[in-house]
Structure formats: structure tokens, C-alpha cells
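Asks: Got a structure here, written out as C-alpha cells. Questions coming.
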Amino acid sequence: MAPVTEYGDEMYALVERLYPLCRSITGDGVRATLEIVGEYIPLKVREVPTGTQVLDWTVPKEWNIRDAHIADATGHRVVDFRASSLHVLGYSVPVSATMPLAELRPHLHTLPDHPSWVPYRTSYYQPEWGFCLAQETLDALPDGEYEVCVDSTLTDGHLTYAEHVVPGQVADEVIVSCHVCHPSLANDNLAGIAVATYLARALAERTPYYTYRFIFAPGTIGAITWLARNAERIDRVKHGLVLACAGDRGRLTYKQSRRGDAEIDRVMRYVLAASERPHRVAEFTPYGYDERQFCSPGFDLGVGSLTRTPYAGYPEYHTSADNLDFVSPEAMADTLAVCREAFAVLDRDRRYLNLSPYGEPQLGRRGLYDSLGGRSDAKQAQMAMLWVLNLSDGEHSLLDVAERSGLPFDTVADAAGALHGAGLIKA
Amino acid sequence: MAPVTEYGDEMYALVERLYPLCRSITGDGVRATLEIVGEYIPLKVREVPTGTQVLDWTVPKEWNIRDAHIADATGHRVVDFRASSLHVLGYSVPVSATMPLAELRPHLHTLPDHPSWVPYRTSYYQPEWGFCLAQETLDALPDGEYEVCVDSTLTDGHLTYAEHVVPGQVADEVIVSCHVCHPSLANDNLAGIAVATYLARALAERTPYYTYRFIFAPGTIGAITWLARNAERIDRVKHGLVLACAGDRGRLTYKQSRRGDAEIDRVMRYVLAASERPHRVAEFTPYGYDERQFCSPGFDLGVGSLTRTPYAGYPEYHTSADNLDFVSPEAMADTLAVCREAFAVLDRDRRYLNLSPYGEPQLGRRGLYDSLGGRSDAKQAQMAMLWVLNLSDGEHSLLDVAERSGLPFDTVADAAGALHGAGLIKA
Amino acid sequence: MAPVTEYGDEMYALVERLYPLCRSITGDGVRATLEIVGEYIPLKVREVPTGTQVLDWTVPKEWNIRDAHIADATGHRVVDFRASSLHVLGYSVPVSATMPLAELRPHLHTLPDHPSWVPYRTSYYQPEWGFCLAQETLDALPDGEYEVCVDSTLTDGHLTYAEHVVPGQVADEVIVSCHVCHPSLANDNLAGIAVATYLARALAERTPYYTYRFIFAPGTIGAITWLARNAERIDRVKHGLVLACAGDRGRLTYKQSRRGDAEIDRVMRYVLAASERPHRVAEFTPYGYDERQFCSPGFDLGVGSLTRTPYAGYPEYHTSADNLDFVSPEAMADTLAVCREAFAVLDRDRRYLNLSPYGEPQLGRRGLYDSLGGRSDAKQAQMAMLWVLNLSDGEHSLLDVAERSGLPFDTVADAAGALHGAGLIKA
């Protein structure tokens, strides 16, 4: 395993490449994003036509944008899409007009409390046009006529998402999902995309037990589209993780699945606690990222969400201040490391059945036990074997054993391996 | 809704009217009490003949009393029933005799620790006669002959109780029960009777969901009689509350049903906690008021008990000091207000089923959601809709949603109303 | 019941008698031990031949030893089995040789951290020979030739264990088990043997409800042998207790069964808490004494373990410092008293069914209730009757009633007796 700092720099470089693109829930910005990610891991890109019924929703028209600006009477662009993809209201309908500032104002979005920041705003399902700008820019605009231009198209087209699969020993799946619809916002969610990409690469280093499916899709409508198109595969999804806000310098937050006691919940709690990292475990709420869809009551999947500072928990959230300075290679490397630790546990966690459940089997003659009795310093490995044997009744997993015994998960899993090798337990 | 202080004064006035009457588990005192209550809310008065078998019990003979006194040699009444109904042992058999003080003593009940108070004592099922008096009265009696007179009758007659029904939208019932058998004791239980009476009036202001049945009956034998005569109705009783000691100045106490997790228990805990009133939630015990009968293991109804200072928890309990000064309009008004708040929650609490459980339904096109995305200040009403949708799996009630989300119950119930109106959930 | 101090002295005297014997998992030391115990309580001694298959194990060869020593060049015994049975490695194969100290060293076991103590070591299942001695003895040995002699036999023979039964009113059994395989170690486990012996005598003072079976057997292989030979009886074993380390001056420790909520667990927790003795309740672990076998997942019996300072919890554990000074009559008497208190509860604990579950039965006419109503000082006995009636739904035991009501178990059990006598409940 390469040092995590190297991955940190590589992930940061990927974030830098993706940052300028103008993503939305449809359009060429998403395609360009997936093309870049596809340089790192092979992707299957899916195109779903406008108008397709997906669960309760309909795939909307595709939105593309070439330019947008507000120019003053001298022709000077006082707000310019070319400077930042945030300047245009997402899904703005086209407009080309000249109007006085007073008439323009209702179309302008600012953050009065952070006068130098540009907000991120969208209007996917109501036809609107608008601009986002700094309050101080707005304050400096003299009255007068302004030329406004949004050179966008909103036409029948496609919704685009992509999948990457790391094949495992079994068809049961772990899904990792991240949203790819936000424009130039680094933490939300280019850091999540970068961590997912490198997590996929790390998992492929050896064949994992589970099959890991990575989903790069626009938020909400993308997850809904994926769910609608994979109805037959849902039963295979045993565990999942939504990755978002993966790069800021705050402590890690794991938000539990709706179930609250899904195996992914227990694994994440265990790994975060065992790692002694500062962290927080949050209850499920039906707000946030695409765990909302995976944990809707009809699906109720065991899908949690890992972030650093979570949704709306930092002032820079959904503003131009969520920029390349806001994320760090170290933070992304740390998020990646936790994911790898958690999946290492998840991938080895099993329920075994003790095949010799009446009394203890004689470990000594199988070479599994110190032959010299009477010593009080029973070794951890031997204790782990006794624990695995005692709790392998089909009800307890290795994680249960680790938690109840206080022994490290790896010691317990190694003990299970030894017992399995000796034919004393079966999976 | 009228200000609670007005109800307080009215309830206090009702207590004052009822105070002088000599109630017992049978007899004209109960009838007179129900006649007065009947001026406030229509009552169906039931008369159950002596000797009727009711569960494990038998309706006893009816007791009535005209006069009782102890007179000294000069004819002066040193203990006089006309001064207070407490002076005679409840259910005293008739006596007319002259005897020395020494012979009289075994029939006299006092409270040595509170020498100026008169205790309340009864002997329903053993034929006894006796008097209750202040210790200091007894101490002042010189030796000598005394005339004792209890002019009572204990004959075949009836046990009397009454019901008042507030019809609801469904036949499922909430019962509210209060005992009407205590003589001149204000808190126990004239205050309970008064609160029940005004609660019935308040509930009738609009048609509630449940049918509310108010039971005014003598303690123990009255509840047992009601249960025996309503065997076919018991299944309809979904929730219930026993009201007692409703007017003293102590904090509220809710005693949970035997089940401990009945919906009335959860509602009362929620409302008391949310109201930030000082209060106590007590575990069920098989002692107290008629929750003993409703929560006997054969019925095991979801019936709790609301008091202020509970049973035997104050020195004035079952003494002449539980008088009109011991209860206050404000305390009764507060008890009434909590009952109304609790029943407002209980009456709206439902389990809904999300009819669109796969992914989130698109609230925007139904006008249930702000169309402008990207804002971080999701409104409470929208959060409540997401919570109701997410938890409406048939397992969770709106109270569950309120508790898990931390949102006010009313906000949650309103959200459920909007979703129901949009056809997204069904009850 | 005799004062516990008398039993303390008698138990201590028994420990003194047993102390010098060289016990192991087989052999004449066990037989001699059982012969002495048999003077106190009748024992059925079982002999199981070498080679018998018992669960996953095989009864080993029988080990006997006549002498063992290390002698220096002058013939002086520097290590002598006759001084302490600990000096020889348990199950040492015979050896008779002369060798330099350097060659002898790998066969010598010491405790460098406690240079004056002799460790206890065994090698049951690997043919070894060896000696245990004080580090300071070893340090004082000059280089040179030493004569080593272990005059032992390891031959086909038997494994020996014994049972004592106190017949009860029902065939359901409580087992009490203690290991008899340790040589001259007072706390581990001569104190356990002594407490078990006197517990058996105490239980026989009147016919108990359960049948109590006492098992005196070598650790591990003995329990496994007993389990293998009693497959048909296992279903009768309802509760059990493993007694060990019963005589040191530390506080009591109850280690729960694997189930954790077995009735013996609840009874021991209750009795220890109610007695206000300093104590600790420990979770089950699959290490320790023969609870390991009884609580293996195939059996999963409700068997806990009572010790004072538990397994390996004191420095003297498995050393010569676990001698007659390490145990006290008072500590053994205290352990015995707790066992008797616990079994007194266990033996009376039942689930009853209220035969009059609709409303309260009228206790007054059955002479079970004070006839004078209105008093606030309801007596404990009456409260206990109400509690038993309310909770006797087939789900709750008398211990449940005691715990929920806060009333003493004996009061509750007495109330149940009165109600049973009145025909109001049935077992």
C-alpha cells in the first residue's frame, strides 16, 4: 500500500482538473467530468433520454451553457460565467435582453452575510434565469441599463451517469455513490469524486470478497435514475456508502443508514472508534445526499454516508468559498484511509458456525494451542480462537466477536481463518 | 379556546358546590354529585342493583346517612356529621346508644401526628360503626357517658355511576375516569371531577377523531362494575386516563400504564417534556386509583393516571386538610391544559403508509417544495414532509416522527396532512 | 442454620486436609481427594477408562507419581517433590538421569518476578518432564552435574470424578461444579471444593424444589467427560454454578453465563446487590473454569461462575503463594452464605398465573386484606399481593415482581404463597 500522502496529492490533482467544469444534473459538464475520471478507472457511461420515467420522477431536459454575463452600458462584463461556473443560476433558461438594474434585481442572488462570496443556486424544475454574484459586486453596480445574456439550451437530450465495478468473489454488492452535479465547488463534491476514484483503485489491488460498484451520478435525479434502472439488482446490494464533502479539514462524520444497525453502520462505528480519530456518528435524517434515495422506505438499504464536515455544516457550503483552498490532500487521504479500513473489516466480516459446538474442541492436538498449561498469560490469538468458537452459533459475526471480546478485529478474523483451516468452523 | 384562568375559576366553583356532599361508594351523595355534574355536561346515570355479580366482586348494599353525632351528657354534640361528612366512618352501620368514653374509644379514629385534622376512614365490607375526629377534640373529652348516634341505612339498593360521551369520527374510544366516592375531600377527588367535566366540554368544541368516554364512578367497585358491564366494549378502548388529585399546587405526575409503552404513555411523556412544565413520570404500580382495575392483567389497557401530587404523597391526603384551600383554580387550569395538549396529540397521532416509497416522490411538481435549489435553509415544514415520507412504513406513528426528527408534533402532523392531501400517504 | 463462622472453620479444616495431596487431571491424588470429601457428603465416584472418546477429546492416560527430585553432586535434594506437589511439572513423564545444569535448565520453570515463589505448571498433552522451583533456588545452584528423577507412571487407567445429589421436589437440576485437579493450591481450588461440600450439606437440611447435583471433576477434561456421559440429562439442567477461588479475602465476583440473562444470572445479580456486599458482576468470557464447557454454544447452559478474586486476578494465582495463609475461614463462610442466599431465591422463584385476572380479586372477603379502608400505610405484604396478582400473567417470575416492585423477594414469595393458598394463582 502506497503512503497515503501520495494518494492525497494525486486526489488533489484530480480535484484541480475537475474544478473549472460547469457541471449540472445533465449536460456536457457531467460528460467531461466522467471523461476525466475515466482516465483513472474504467467507467461505463450511461445516457438516459429526457422524458424517461424514473420512479416518481421524469428525466428532465438536458441543459447546456456556452456563456452568460451581465454587461454594463460600456459593455464591461460585471458578472461573467467565464470567470466562474457559479455565476449563472443552474438550469437558467436562455435570456438576451437589456433592462434597468431594478428590473434585473429579482434575478440576482447574493449572500449579504458574506459579501465577497458568490452563492450556488439552481432552478431545475421551474423555468427561471438568474445570476449569482457577490453582494459587494452588486452594491457597486450603478443604476442604469444592463445587458443580460444567458446563452444556454434546455432541450431533449440525456441524463448522464457512470459506473465502475471492482469484481469480487461473490455477486453481493457494496455500492459507493458520489454526486457529480455540482459546478465549481471543491469539497462538495470534487473531493468525494476523487476519494471514490482512488478507493476503487485501492480495492482492485486484490480481489475483494464483495463486488464493489461505484456510481458517479447527479444528485437526487441521478440516484433515482440508477435505482429505477437497477430494480433487479437491488437485492444484491448488501451495503453502501455515499461519499461527499470528503476533503475539508474538519473531523469525519459518519451518518448512519435509516436502519441504524446495518452492518455498514456497525463497521463504520467500530473503525472510527478503533482508529481514535476525532469523529462524530450521526443519526439518519432524510436530508443530505443520495442516502435519501437509497434509504427511502421502499428500498431501506444499508447505506450510510461518510463526510468530513457534513451537509450545510460549514459557512463555505454552496458558495464560491468552497474552492481549492478549502480542501487539502491530507484530509482527502485521511478520508480514503478510513474507507479502506472500514471496507477491510466489512470484507472479512462473516458469521461462522462452530462445527464442534459441544464443549471446546481440543485445540492442542490440532497445533492451535500452547501445550504448556497453567500459564496465566493466555495469548490474544488463543483468546480469539476461544471467542470465535464460543460465539460462532450462526447469530454472531466476527465483528460481534471483536466487540464483545475487546480483541482487535484483525486478530479475530485471523483466528477465524485458522479455525476454518482446521475444519472447526464453516462460513 | 378560552383563557385557562377562566376555566380555573369555573372548575373551582364546581368543586365548591360538590364539597359539602357526603359521598360514598353508593348512596344519595353520589347521585347528588352526578346531578350537579349533569348541569355541565349531559350524563347517563346507571343504577346497578345490590347483589349484582361484577367480576370477582358483588355490588354491596346501598348506604345512606341522615345524621351522626357524639353528644356529651349535656346533649352538646362534640362530634357532628353536619359539620363535616368526614366525621362518620364511611359505611357505618346504624348505632344509637349511650356508653362511657372508654367503651367508645375503639370506634374513634384520629391522627395523633396532626392533632387538628380529621381523618377519612371507611369500612365498606366489614360491618362497623365509628367516628373520625381531631385528636385535640378527643383529648378534650372528659370521661363520662356519651350518646352516640349513627342514623344510617345499609339496605338493598343500587350502585350509581355515570357516563358522558363525546362522539368522535371513529368508534375507537379514549376513556377518562375519575372516582366520585370520596366525601368532603377537595383534591381527592373533586378537582379530578371538575377537570374531567371541563375536559369533556373542551373536547366537544370540535368533533374529535376518537370517541371520548368519561366515567364518573366510585373507586374500585365502580370501575369493576363498569368493566363487568362493558365487556363487549373493552376492545374499543384504545387509550385512557384516570384523573385524580388534580388541583393541588404540586407538580404534575403522570403514572404510566402497566404496559409502560402504551401510546398514552408516550404521548403524556412527550407533552409533559415538550411543555417544559415541572413534572414527574412514574412507573406503573398496582396501587393507586382505578388504573389498578383497567391495568389488571386480564384487561391490561393502555390507561395511565394523571395527578398533581400523587396518591398518599402529601400529608393532607385523606384528611380534613384536603379542603377548599388545598386546591387552586390555577392548578386545575394547568391540569386541564395538559390534558387538552395531550389529547390534541393523541387525537392526531396516526401511522401512515407512504404510497410512493421507492425514492423520494417529487414534491416540487406537487407544489409541496421550494423550487429554488441550493439553499441551505430547508424549512421545517419541508423537513417534516421528508421525515413523514421516510418513516411512513406502517411501523412509525407521527409521534415517532416527531420524536426522531426533533420537530414539533404539530409541524409533523401538518406535513402529514399536506402529504395526505396530495395522495402521497394513506392512513 | 448454624452460624456461618462455624462452617468457616470446618471448611478451612477440610482445605487443610486436602492441601498436601498431589492432584492432577487423573490419578490417585484425585481419588484420595474424593475419599476425604466423601467423609462429609456421600459421593458416587466414576472411573472412565483411558482412551474413552468424550466429545472432541479422548480420556488421557492416567498419571501417578511417587517421587521427584533434583539432587546435587552430594546427593542433596535441591528440589524435592516431597516438600511440595508443585515442584514437579504436572504430567511429567518419568526421567532418571544425570546432567549438567545447562542441560537441565530448559526443564526448569520459575517466576523471575516473584523469586521466592514456585510456579504451577503442567503438560498434559505433550510428553515433557520438568520441575518448578523458586527463582532464588535456581540462582543459588552452582554449575555442575545434577541427578534428576521423576518417578512417575503414565499408563492406561482412568479419569476419576464424583457426583453428589441432593434430591429435590422436581427432577429439574441445578448443577454445582468445582475442579479437583489442582495440587497444593488452596484458593484454586480447595476452597471451592470445601464450599461446595458444605453447600451440599446445607441444601439437604430440607427438601429443595430443584434437584441439586454437585460435580467434583478435573478441569476441562473432567467437565467434558461429564457432559459426554450425561447427554441424556443435559435437558434437565436448568441452572448451574461453577465454584472456584472461593476463599481469598477479595470481594466476590459473579461471572455471568454466556446467555447473560439466564435465571441464575438474574438471581446472583439480585442477591449480590440486595446483600450490599462489595462485589463485581462480570460478563461471560470463554476463558476461566468449566463454565467454558457448560457454556459452549452447543450446550449454552445457564451456568455462571462464582469466585472471590477471579481467575488470574491475583499475583499468587497458580503459585506456591496460593497456600493455606491465602484463604480464610471468614471468606469461605461468606462465599457459602451467598450461595445459600442465591439458591434460596432460585429455589422459590416461579412464574404464576393469576386465575382472576380481570380487575382485582376481592382480597378482603378472603381474609387477605385489611378491612379498614382509607389508610395510607398499605402494608408491604398487601402491596406484594397486588404486585403478584398484577404481574402473574405467565410472563413474569417472582424475581421480576421483586425487582419491579422494589419489595424484598421473600415478601413477594410469601405473598405468592398466600395467594396460591387462596386459589387465586397457580404455578
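The values are calculated or read from the model by the stated rules, or taken from the named source; none is laboratory data. All of these numbers come straight from a predicted model, not from anything done at the bench. For neighbour counting, all protein chains shown are included, and Cβ atoms are generated from backbone atoms with ideal geometry for every residue, glycine included. Just the protein is used for accessible areas: all its heavy atoms, side chains included, with ligands, DNA and RNA removed. Shrake-Rupley method; radii C 1.70, N 1.55, O 1.52, S 1.80 Å.
Asks: Would you point out the residue of the stretch C:353-368, among those that are more than 7 Å from every other protein chain (Cβ to nearest Cβ) and modelled with pLDDT of 90 or more, that is surrounded by the fewest Cβ atoms within 10 Å (Cβ to Cβ)? Break it down into steps so the answer makes sense when it comes.
Replies: Residues of the stretch C:353-368 that are more than 7 Å from every other protein chain (Cβ to nearest Cβ), as a first pass: C:353, C:355, C:363, C:366-368.
Next, only the ones that are modelled with pLDDT of 90 or more stay: C:353, C:355, C:363, C:366.
On the way: C:LEU353: 13, C:LEU355: 16, C:LEU363: 20, C:ARG366: 15.
The qualifying residue surrounded by the fewest Cβ atoms within 10 Å (Cβ to Cβ) is C:LEU353.
Asks: Out of all the residues in the stretch B:280-301, is one or more more than 14 Å from every other protein chain (Cβ to nearest Cβ) and in a loop (DSSP other than H, G, I, E, B)?
Replies: No, the stretch B:280-301 has no match at all.
Asks: Now for a different question. Based on what the data block shows, is A:LEU190 in contact (Cβ under 8 Å) with a residue 40 or more places away in the chain, in contact with a Ser or Thr (Cβ under 9 Å, 6 or more places away or on another chain), within 14 Å of chain B (Cβ to nearest Cβ) and of a type outside the set (D, E, K, R)?
Replies: Judged against the criteria, A:LEU190 is not a match.
Asks: Okay, next question. Can you tell me which residues in the stretch A:243-302 are open to solvent by 50 Å² or more (accessible area, probe 1.4 Å) and among the hydroxyl-bearing types (Ser, Thr, Tyr)? Before you say what the answer is, go through the steps one by one.
Replies: Step one: list which residues in the stretch A:243-302 are open to solvent by 50 Å² or more (accessible area, probe 1.4 Å), which gives A:249, A:251, A:259, A:261, A:263, A:269, A:273-274, A:276, A:278-281, A:283.
Within the stretch A:243-302, no residue meets the criteria.
Asks: Further question on the same structure: Got at least one residue in the stretch B:389-396 being farther than 22 Å from A:ASP56 by Cβ and either open to solvent by less than 50 Å² (accessible area, probe 1.4 Å) or at the interface with another protein chain (Cβ under 9 Å from one of its Cβ atoms) (or both)?
Replies: No, the stretch B:389-396 contains no residue that is farther than 22 Å from A:ASP56 by Cβ and either open to solvent by less than 50 Å² (accessible area, probe 1.4 Å) or at the interface with another protein chain (Cβ under 9 Å from one of its Cβ atoms) (or both).
Asks: Is it the case, given these coordinates, that A:PRO106 is within 14 Å of chain B (Cβ to nearest Cβ), over 30 Å from A:ASN230 (Cα atoms) and over 34 Å from the mean Cα position of the chain (by Cα)?
Replies: Yes; evaluated as a whole, the condition is true for this residue.
Asks: Name the one entry in B:ASP347, B:ASP410 that is buried (at least 17 other Cβ atoms within 10 Å of the Cβ), assigned to a helix (DSSP H, G or I) and more than 8 Å from chain A (Cβ to nearest Cβ).
Replies: B:ASP347
Asks: Out of all the residues in the stretch C:118-130, is one or more within 13 Å of another protein chain (Cβ to nearest Cβ) and of a type in the set (Lys, Arg)? Don't jump to the end; show me each part of the working.
Replies: Of the stretch C:118-130, the ones within 13 Å of another protein chain (Cβ to nearest Cβ) are C:118-130.
From the residues that got through so far, the ones that are of a type in the set (Lys, Arg) too are C:121.
Yes, there is a match, as at least one residue in the stretch C:118-130 is within 13 Å of another protein chain (Cβ to nearest Cβ) and of a type in the set (Lys, Arg).
Asks: Could you please give the count of residues in the stretch B:14-63 that are in contact with a helix residue (DSSP H, G or I) (Cβ under 7 Å, 6 or more places away or on another chain) and without any contact (Cβ under 8 Å) to a residue 40 or more places away in the chain?
Replies: Of the residues in the stretch B:14-63, 2 are in contact with a helix residue (DSSP H, G or I) (Cβ under 7 Å, 6 or more places away or on another chain) and without any contact (Cβ under 8 Å) to a residue 40 or more places away in the chain.
Asks: Can you tell me which residue among B:TYR198, B:TYR212 is assigned to a strand (DSSP E or B), open to solvent by less than 40 Å² (accessible area, probe 1.4 Å) and either among the acidic types (Asp, Glu) or more than 14 Å from chain C (Cβ to nearest Cβ) (or both)? Spell out the reasoning first.
Replies: Working: B:TYR198 fails: assigned to a strand (DSSP E or B).
From the options B:TYR198, B:TYR212, the qualifying one is B:TYR212.
Asks: Given the conditions (1) over 16 Å from the mean Cα position of the chain (by Cα); (2) away from chain C (no Cβ under 14 Å), report the number of the one that B:HIS318 does not fulfil.
Replies: Result: B:HIS318 fails condition (2) only.
Asks: Is one or more of the residues making up the stretch C:327-340 more than 14 Å from chain A (Cβ to nearest Cβ), crowded, with 23+ Cβ neighbours inside 10 Å, out of contact with any strand residue (DSSP E or B) (no Cβ under 6 Å at 6 or more places or on another chain) and not in a helix (DSSP H, G or I)?
Replies: Yes, the stretch C:327-340 has at least one match.
Asks: Shifting gears a bit: So, in the stretch B:22-50, how many residues would count as being of a type outside the set (S, T, N, Q) and part of a helix (DSSP H, G or I)?
Replies: So the count comes out to 9.
Asks: For a quick check of your reading: which strands (runs of 3 or more DSSP E) sit entirely within the stretch B:77-186 and have at least 3 residues that are in contact (Cβ under 8 Å) with a residue 60 or more places away in the chain, open to solvent by 50 Å² or more (accessible area, probe 1.4 Å) and not small (Gly, Ala, Ser)?
Replies: Values: elements: B:77-80, B:95-100, B:145-155, B:158-166, B:173-179.
Of the strands (runs of 3 or more DSSP E) lying wholly inside the stretch B:77-186, those with at least 3 residues that are in contact (Cβ under 8 Å) with a residue 60 or more places away in the chain, open to solvent by 50 Å² or more (accessible area, probe 1.4 Å) and not small (Gly, Ala, Ser) span B:145-155.
Asks: Related question: Just need a number here: residues in the stretch A:219-267 that are part of a loop (DSSP other than H, G, I, E, B) and among the β-branched types (Val, Ile, Thr).
Replies: Here is the first cut: in the stretch A:219-267, the residues part of a loop (DSSP other than H, G, I, E, B) are A:219-220, A:230-233, A:244-251, A:256-262.
Then drop every residue that is not among the β-branched types (Val, Ile, Thr), which leaves A:220.
Here the count works out to 1.
Asks: Out of the stretch B:240-274, which residues are more than 14 Å from chain C (Cβ to nearest Cβ), in contact with a Gly (Cβ under 8 Å, 6 or more places away or on another chain) and farther than 23 Å from B:LEU190 by Cα?
Replies: Within the stretch B:240-274, B:ALA262, B:GLU263, B:ILE264, B:ASP265 qualify.
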